[in-house]
1. Residue under question is residue 187, and the condition is that it be within 20 Å of residue 128 (Cβ to Cβ), assigned to a helix (DSSP H, G or I), more than 16 Å from ligand 1 (Cβ to nearest atom) and under 23 Å from the mean Cα position of the chain (by Cα); does it hold?
2. Would you mind finding the one in 66, 72, 53 that is in a loop (DSSP other than H, G, I, E, B), in contact (Cβ under 8 Å) with a residue 40 or more places away in the chain and not assigned by TED's automatic domain parsing to the domain that holds residue 242?
3. Given the condition part of a loop (DSSP other than H, G, I, E, B), in contact with a helix residue (DSSP H, G or I) (Cβ under 9 Å, 6 or more places away or on another chain) and either at pLDDT 95 or above or surrounded by fewer than 16 Cβ atoms within 10 Å (Cβ to Cβ) (or both), answer yes or no: does some residue in the range 30-48 qualify?
4. Would you be able to tell me the number of residues in the range 86-129 that are touching a strand residue (DSSP E or B) at 6+ places or on another chain (Cβ under 7 Å), assigned to a strand (DSSP E or B) and more than 12 Å from ligand 1 (Cβ to nearest atom)?
5. Please work out which residue is nearest to ligand 2 (Cβ to nearest atom), limiting yourself to the range 278-294 and to residues that are more than 18 Å from the chain's Cα centre (by Cα) and over 17 Å from residue 158 (Cβ atoms).
6. Given 153, 179, which one is surrounded by 20 or more Cβ atoms within 10 Å (Cβ to Cβ) and away from ligand 1 (no atom under 16 Å from the Cβ)?
7. Quick check on residue 153: is it closer than 21 Å to residue 243 by Cβ, assigned to a strand (DSSP E or B) and either outside the structural domain of residue 13 (by TED's automatic domain parsing) or modelled with pLDDT of 90 or more (or both)?
Ligand code: FES
Ligand SMILES: [Fe+2]
């Protein structure tokens, strides 16, 4: 397994849903690092390396204390900064050993817990994440894909597979229209505009949408991908997937749907839209799993890309530690979509 480039650890990753973190600590894995998360009685969050410095028992199997977390094996207690607070059985006058568990910075935003797996780096998640507001959120869902993060992110941002993988739902097979695609570098990653697609042939569009004035795909480092639709009648819909690599073979996916400026109560979205989106997600999960199993049978093969594969090179560049596209990078192509 190829190790992750050090620069990737300096970003913030979605690691859990806020509602998952109640009384019991939970175990997460980010870029191969096992981490325990806990919410203290005060509401304060804790993220420590999931390893007790005494005999390496997983802290995630322990329980929270009023000020931190207790190891399940001999009960050593650690504070949210990782400092050792108590060793059961140690006479009160004896000093504690100067060991600590490694602590990670974390914060809560828009229903998700975000964590930075390095001691130094960005002060918080970027603009795309920060600008998404809980009042517009209709939906939050989590899944796990058996795929490398590059393949997972490419899948969500790539429209060229939709005819074959989601026939009828997203686009009807065989029906293609000429579409202009504009790729632009941004401060956080890149965006891709599609024009000539103000209507779409699939069932989802016909049931829930109206004429679009904008269809834009965003990538914001490290793992956020968003499809934004704006409508002639007003209103904005944003479907966002935050991808967090657990390992090079598994990626956690946190999906949100935000709706601004139109009638779409959460219950209606759940009842009417969600069953379709779930089917789309399942179709993607299945093809990605087939792809990743086949990559194991042909580990040395590199893919052949065409100009239709608009996002692949930038994603590979970022995830191999070679940075983002230049903010003024721009190209325009025409495709049959
Ligand atoms: S292994 Fe954690 S207290 Fe002993
Ligand atoms: Fe898809």
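1. Working: within 20 Å of residue 128 (Cβ to Cβ): yes; assigned to a helix (DSSP H, G or I): no; more than 16 Å from ligand 1 (Cβ to nearest atom): yes; under 23 Å from the mean Cα position of the chain (by Cα): yes.
No; evaluated as a whole, the condition is false for this residue.
2. 53
3. yes
4. 9
5. Among those residues, the one meeting the criterion is 279.
6. 153
7. no
Rundown of residues vs (1) outside any strand (DSSP E or B); (2) under 14 Å from the mean Cα position of the chain (by Cα), yes/no style:
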position: 197; (1), (2): yes, no
position: 214; (1), (2): no, no
position: 228; (1), (2): no, no
position: 238; (1), (2): no, no
position: 244; (1), (2): no, yes
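The values are calculated or read from the model by the stated rules, or taken from the named source; none is laboratory data. From a predicted model like this one, the values you see are computed outputs, not experimental measurements. When we count neighbours, we look across all protein chains shown, and the Cβ atoms used for this are built from the backbone with ideal geometry, even at glycine.
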